Structure formats: structure tokens, C-alpha cells
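Quick note: the coordinates plus some simple rules give every number you see, no bench work behind them. Just so we're clear, the structure is a prediction, and the values are computed from it rather than from any experiment. So basically every Cβ, Gly included, is an ideal-geometry build from the backbone, and we count neighbours across all protein chains shown.
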Amino acid sequence: MEKKNITSVDIAKLAGVSQTTVSYVLNNTPGRTISKETKERVLSIAKKLNYRMNVNARNMKNGRAGIIGVLSFWGIGTFMFSQPIEGIEKVCTKNDIGIMICTGAEDSSGTKDYMKYYLQNRIDGMIIISRIESEQNKKVVYELENNNIPFVCVSGDRDVDGISCVDVDFVESGYMAGKHLMEMGYSKVAYMYPIKNRIFAEEERLQGCKRAVDECGKTLDVLYDFSDVKDDEAILKNMIKVLKSGKYDAFVGNARRCMTVLKAAIKLNINVPDEIGVISYENSDYANYLYPELTTIDQPLTEIGNKAACVLMKKLEDNSVCEKIACSPKIVVRKSTQKQV
């Protein structure tokens, strides 16, 4: 005898509720008030009967693809891609939604792949893993917004009205870096500003770092010497001049600038961390492999990806939803700041 497929009607009969209620519970439909007891009863019966939802039928009913697109301006092999994807994947799995990786490549008509997928109903919305200062990122955001496509940015556009974004608390990141240096006994801090144009993320990091240093009555200077320099050798030469001046005993900056400080210190036989301390305000793939190992303020990127996917789930129901979330960073102390105090 052919085994009967279990349906939501069967679950409704055993649970003593309507089929509509079962549908709301199984689909985790937002905006519906259902008691915890009823939810648990429905889910328990569904599990006992080994119920399997027909995802294709659900998507056809909702007029959806059941897939979201992810576009990253970071390389696939970087921590800025792999860690957020891990968080995104957990939410998508929970909601029976697939993930399509977009590249931004254009077809023969000049249409970007993510636009084509959306217009063909192959994706329902987008998560953008952003570069804060990227002009390309701004163009994508503008295009999605103008076409009323649900999307959320990971790390970027928190300063833009109406754009949903999940990133790290930049003020807290800077404050955490400055406070750590003060606790380690450093007193003359140089903040290495990385780019020419002032952007909200960098300004907030600087604000936090300055507050921590000011609270201890110590000195913080901002170095703009490297903002227009792209060549690594030129940056290294500039850094050697700074270290020779002896003005600073601690440096805060992005991972690339911090790596340059460590290189310059080796060339000048300056001891890190006893003579100078170095701390990066961002995660780094190679922090453990530098000499000495680099202290970092890490962004909780898996959590950020997870929260971004949760926001997108809400926007798929109501695209007027706008949330801006800043997650707390954590410090990973390594040898570059472990001064004996």
C-alpha cells in the first residue's frame, strides 16, 4: 500500500486547530498572535509525523523564488565574506530559503546579474557585503533602492537615511582600542587615518579612541600622512620617518597600516611592544602570523550576517522596514600590545 503524504490538514486535526493556524506556525508568519502552547503543540505533532513542507508550493503561493542574493565587494577568501555568509546561511536554513551568490557582472545588454535574477523572479531580495568607502557600492545601493528591491547592507550605509544596515559599533571599536593602550601604559598615541575622504565609520572610530585617551589625560595625534599614499614602499618610508621622530609610543590603524608599523620597527630595531604598541581596529586574516602577533578589535561578522538576514526576512514581508543595527566588537589581545606594566 502506498504511504499517505502527511499534510497540514492532518496536523490541524490532531492539534485541534485550523489549517490556517498550522500554516502560520509552520511558515513562522510574522504579525500573527499565536500562543506558545499552540505553537509547541503544532510543531511537536509535525515532527512526530515527520512532516515535510512543500517549499516549492509555498513559494508559488507567495509568488516568491525562495532564494536571496548575496553580493560581496570583498574577495570570497576573505574573512569579510566567509564569516557573514555563515550567519546568513543559518537564518536562510531556518526559513527554508536558498542563497545565490551574485557577482555584479553584466550581460550583453548591460544588465547586472542581480537585477536580472530579481526581474526573472529568481531572487526575492539582496544582502550586500559592503566596502564603506566604495563608489561601486553606492551605485548598487542606488540601483536597488530605485527599483524598490528589498536589501540590507552588511558594514556600510549606516549614515544613509532609509537604508537598512547591520555593522559594528565603530565608536566602541575606537574606544576599546584606546582604552587598551592606556591600560597597557602607553601615553603618546598616533591614530593613522587611512583615506583622504572623511567617512562616518572612520570619524566614529577616531571619536571613540580620542575619548578613551582623553579620559586618561594622555595625548592622541591623528596622522594623515598615509591617506593619499597607495604604494607600500612609500608608506613604509613614511612610517620609518615617523618612528625615528620618537614622538609616539603607540599606533592605532587598519591592519595594513599596522603591518607597516611592525615592518618599520624591525628595520629600526625598535622593540614591539616594550617601546611601541600596535593595535588594529579591524579583523585581520594574518594577525596571528605577523611578528609580533597583532592585537585587533574584531567585528562579530557572523553575528552581523545573521542579523542582516533577519532584517531582510522582515523586509521581504514589508519593504518599508528600515533597521540600523550596530553590534559590539571584541578585543583579541596579542603580543603587539602586551607591554610589561
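If the segment from ILE76 to THR219 were pulled out straight at 0.36 nm per residue, it would be longer than the present Cα-Cα gap by 47.5 nm. Relative to the current alpha-carbon distance between THR20 and LYS47, full extension at 0.36 nm per residue lengthens the span by 7.9 nm. Karplus-based coupling profile of the stretch 155-168, in residue order and whole Hz: 6, x, 6, 5, 8, 9, 4, x, 9, 6, 8, 10, 8, 8, with θ = phi - 60° in 6.51 cos²θ - 1.76 cosθ + 1.60 and x standing for Gly or Pro.
With charges only on Cβ, +1 for K and R and -1 for D and E, what is the dipole size of the chain about its Cα centre, in debye, rounded to 20? Numbers along the way, then the final one.
Numbers: 47 positive and 44 negative charges, 209 e Å.
Roughly 1000 debye, rounded to the nearest 20.
Comparing VAL278, VAL91, VAL166 in a Gaussian network model of the chain where C-alpha atoms under 10 Å apart are linked, the largest mean-square fluctuation is found at VAL91.
Ordering ILE149, SER187, ALA105 by Cα displacement along the dipole of the chain toward the positive end leaves ILE149 in first place; charges were set at the Cβ atoms of Lys, Arg (+1) and Asp, Glu (-1). Local charge for LEU43 was computed over the other residues whose Cβ lies under 12 Å away, with Lys and Arg +1 and Asp and Glu -1, and equals +3.
Derived scalar couplings between HN and Hα for the stretch 276-291 equal 9, x, 9, 9, 9, 8, 9, 4, 8, 5, 10, 4, 6, 9, 7, 10 Hz in order, rounded to whole Hz, by the Karplus curve 6.51 cos²θ - 1.76 cosθ + 1.60 (θ = phi - 60°), x for Gly and Pro. Electrostatic bookkeeping for PHE79 treats Lys and Arg as +1 and Asp and Glu as -1; over the other residues with beta carbon under 10 Å from its beta carbon, the sum is -3.
Taken along the Cα-to-beta-carbon direction at a fixed 7 Å, the label points for ASP107 and ASN5 span 3.2 nm. Cβ screening of the chain for cysteine pairs under 4.7 Å finds these without a partner: CYS92, CYS102, CYS209, CYS216, CYS258, CYS310, CYS322, CYS327. Taking 0.36 nm per residue of sequence separation and removing the Cα-Cα distance, the ASP232/ASN288 pair yields an extension gain of 18.1 nm.
Ranked by the mean number of other Cβ atoms within 10 Å per residue, highest first, peptides 265-277, 247-259 order as 247-259, 265-277.
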